[in-house]
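Colleague: Please find one structure pasted underneath; my questions will follow.
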Amino acid sequence: MDARINYYENPVGTKFTRYINSAGKTLSESALPLATQELVKLRASQINGCAMCTDMHAKDAVHAGDTWPRLNMLAAWREATVFTEAERAALELTEQGTRIADGAGGVSDEAWANAAEHYDADQLAALISLIALINAYNRINLINRQPAGDYEPGQW
């Protein structure tokens, strides 16, 4: 499979990516735990069917210290016993924020309240921003049919 265009070397794509990567750096430096950040990025990418981001964030999560058994259960996190309550709250917010069009009214008050029990205002702002950012990356890669499978941690 080939990408429709070489988006990441196109002048417009490169410039746009530089800006959203800067936003991503702000989030990676936030107080939201890095393990949670990778779970959020991976779960949104699974939902959206973005192979490139699924490959990248699974590998980055393991490189950062997470385990394959936990990541293998991510799609079934509700039944898995390996996620903390805080991670579960972030995953619920991620799912509802990613599937906004599927739910009447968007993100439920219950999902928000649960996340607010585990994260402070800065972490919640980072979580909202991260969900929006990974969904943007997913859409770029899906529209462009960006191939996946050869990512190495730290590559970008």
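A short reminder: the numbers here are calculations on the coordinates, not readings from a lab. Given the structure is predicted, the values throughout are model-derived calculations rather than measurements. Here the Cβ is made from the backbone with ideal geometry for all residues, glycine too, and neighbour counts use every protein chain on show.
Colleague: Go through the stretch 55-72 and give me each residue that's within 20 Å of residue 134 (Cα to Cα) and surrounded by fewer than 15 Cβ atoms within 10 Å (Cβ to Cβ).
Modeller: 63, 64, 72
Colleague: Turning to a different aspect of this structure: When the residues of the stretch 73-124 are filtered to those that are among the aliphatic types (A, V, I, L, M) and not in a helix (DSSP H, G or I), which remaining residue is surrounded by the fewest Cβ atoms within 10 Å (Cβ to Cβ)?
Modeller: In this case the residue turns out to be 104.
Colleague: Here's a follow-up. Would you mention how many residues in the stretch 28-52 are crowded, with 19+ Cβ neighbours inside 10 Å, of a type in the set (A, V, I, L, M, F, W, C) and closer than 25 Å to residue 122 by Cα?
Modeller: Residues meeting the conditions: 5.
Colleague: Looking only at the stretch 104-122, decide whether some residue is among the hydrophobic types (A, V, I, L, M, F, W, C), closer than 26 Å to residue 19 by Cβ and out of contact with any Pro (no Cβ under 9 Å at 6 or more places or on another chain).
Modeller: Checking the stretch 104-122: at least one residue is among the hydrophobic types (A, V, I, L, M, F, W, C), closer than 26 Å to residue 19 by Cβ and out of contact with any Pro (no Cβ under 9 Å at 6 or more places or on another chain).
Colleague: Just for the stretch 5-27: of the residues that are in a helix (DSSP H, G or I) and of a type in the set (A, V, I, L, M, F, W, C), which one is nearest to residue 130 (Cα to Cα)?
Modeller: Only one residue fits best here, namely 27.
Colleague: Within the stretch 9-21, does at least one residue satisfy the condition of being closer than 19 Å to residue 92 by Cα and exposed (fewer than 13 other Cβ atoms within 10 Å of the Cβ)?
Modeller: Taking every residue of the stretch 9-21 in turn, none turns out to be closer than 19 Å to residue 92 by Cα and exposed (fewer than 13 other Cβ atoms within 10 Å of the Cβ).
Colleague: Anything in the stretch 19-46 that is under 9 Å from the mean Cα position of the chain (by Cα) and among the β-branched types (Val, Ile, Thr)? List them, or say none.
Modeller: Scanning the stretch 19-46 gives a single hit, 40.
Colleague: Cβ-Cβ distance below 6 Å, separation of 6 or more or different chains: which pairs start in the stretch 128-156 with a residue that is farther than 14 Å from residue 100 by Cα and end on one that is surrounded by fewer than 13 Cβ atoms within 10 Å (Cβ to Cβ)?
Modeller: Pairs that qualify, where the first residue is farther than 14 Å from residue 100 by Cα and the partner is surrounded by fewer than 13 Cβ atoms within 10 Å (Cβ to Cβ), are 144/4; 145/4; 147/1; 153/63.
Colleague: Looking at residue 2 and the list (1) of a type outside the set (Val, Ile, Thr); (2) more than 15 Å from the chain's Cα centre (by Cα); (3) in a helix (DSSP H, G or I), which single condition is not satisfied?
Modeller: In the conditions (1) of a type outside the set (Val, Ile, Thr); (2) more than 15 Å from the chain's Cα centre (by Cα); (3) in a helix (DSSP H, G or I), residue 2 misses (3) alone.
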